[in-house]
Amino acid sequence: AGSSETNPDVVSVSNHVSAVIVTFTGVHATAIDVSATGESGGSGVTTLTFPAVTTTGTGRLIVLATSWSIDNADAQASNFVNTALTSLTERVDVGTTDGNGGGIIIATGGKVTAGDTGTTAADLATSTLYTCFTVALVPA
């Protein structure tokens with residue numbers, strides 16, 4: 001991937017379509033240590049819960065991603081918390097009011113030692129349906 005690539009063309013947007021392209025440096029191009037999916041929240045939920053993963057090696061970059069369903073273009077996440085991760089940082093928090101809305105949040109943190117990351121929590125500005133996943137990237 002590089003800056004010479006063209007933007008994708010997404011046609012027929014009608015319901016909860018959002019996309020971002022995120023690239024990482026310093027990680028293996030194809031190897032993933034572990035990933036977990038399946039955490040989700042129903043209406044009335046104002047706290048995201050990202051699933052834990054157990055890394056098999058040291059120095060992993062943990063990527064936390066979620067999508068939301070509300071019709072809101074404002075940033076939604078704040079206060080990411082996980083004491084097992086270093087430098088926990090929100091990278092993307094974008095939404096849309098096109099169609100029926102929706103949005104994407106991506107955060108990253110470092111896992112210095114091998115082992116369980118524990119769950120990661122974050123506050124939501126607005127109650128929404130969501131789904132989360134966590135992936136551990138291997139250093140290059």
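The values are calculated or read from the model by the stated rules, or taken from the named source; none is laboratory data. Since the structure is predicted, the reported quantities are computational estimates derived from the model, not experimental observations. FYI the Cβ positions are ideal-geometry reconstructions off the backbone, even for glycines, and counts take in every protein chain you see.
Testing Gly103 on (1) under 14 Å from the mean Cα position of the chain (by Cα); (2) modelled with pLDDT of 95 or more, one condition comes back false. Which one is that?
Here Gly103 clears every test but (2).
Say we look at the stretch 30-56 and pick out the residues that are of a type outside the set (Ser, Thr, Tyr), part of a strand (DSSP E or B) and modelled with pLDDT of 80 or more; which of these is surrounded by the fewest Cβ atoms within 10 Å (Cβ to Cβ)? Talk me through it step by step, then tell me what you get.
Keep residues of the stretch 30-56 that are of a type outside the set (Ser, Thr, Tyr), which gives 31-34, 36, 38-39, 41-42, 44-45, 48, 50-53.
Within this subset, residues satisfying the condition of being part of a strand (DSSP E or B) are 31-34, 36, 38-39, 41, 48, 50.
Those still in the list that are modelled with pLDDT of 80 or more too: 31-34, 48, 50.
Details: Ala31: 11, Ile32: 14, Asp33: 20, Val34: 16, Leu48: 27, Phe50: 26.
Going through the qualifying residues, I end up with Ala31.
Would it be correct to say that Val92 is of a type in the set (A, V, I, L, M, F, W, C) and at pLDDT 95 or above? Break it down into steps so the answer makes sense when it comes.
On the way: of a type in the set (A, V, I, L, M, F, W, C): yes; at pLDDT 95 or above: yes.
Here the answer is yes, as Val92 does meet what is asked.
Quick check on my filter: what residues within the stretch 66-118 are without any contact (Cβ under 8 Å) to a residue 40 or more places away in the chain, part of a strand (DSSP E or B) and at negative phi? So that I can check it myself, show each step before the final result.
At the first step, the residues of the stretch 66-118 found to be without any contact (Cβ under 8 Å) to a residue 40 or more places away in the chain are 71, 73, 82-90, 93, 97.
Next, only the ones that are part of a strand (DSSP E or B) stay: 86-90, 93.
Listed by number, the residues that qualify are Thr86, Leu88, Thr89, Glu90, Asp93.
So which residues in the stretch 92-118 are closer than 22 Å to Val45 by Cα and surrounded by fewer than 19 Cβ atoms within 10 Å (Cβ to Cβ), if there are any at all?
Within the stretch 92-118, Val92, Val94, Thr96, Thr97, Asn100, Ile104, Ile106, Gly118 meet the criteria.
Would you be able to tell me the number of residues in the stretch 119-140 that are surrounded by fewer than 16 Cβ atoms within 10 Å (Cβ to Cβ), at pLDDT 90 or above and in a strand (DSSP E or B)?
So the count comes out to 3.
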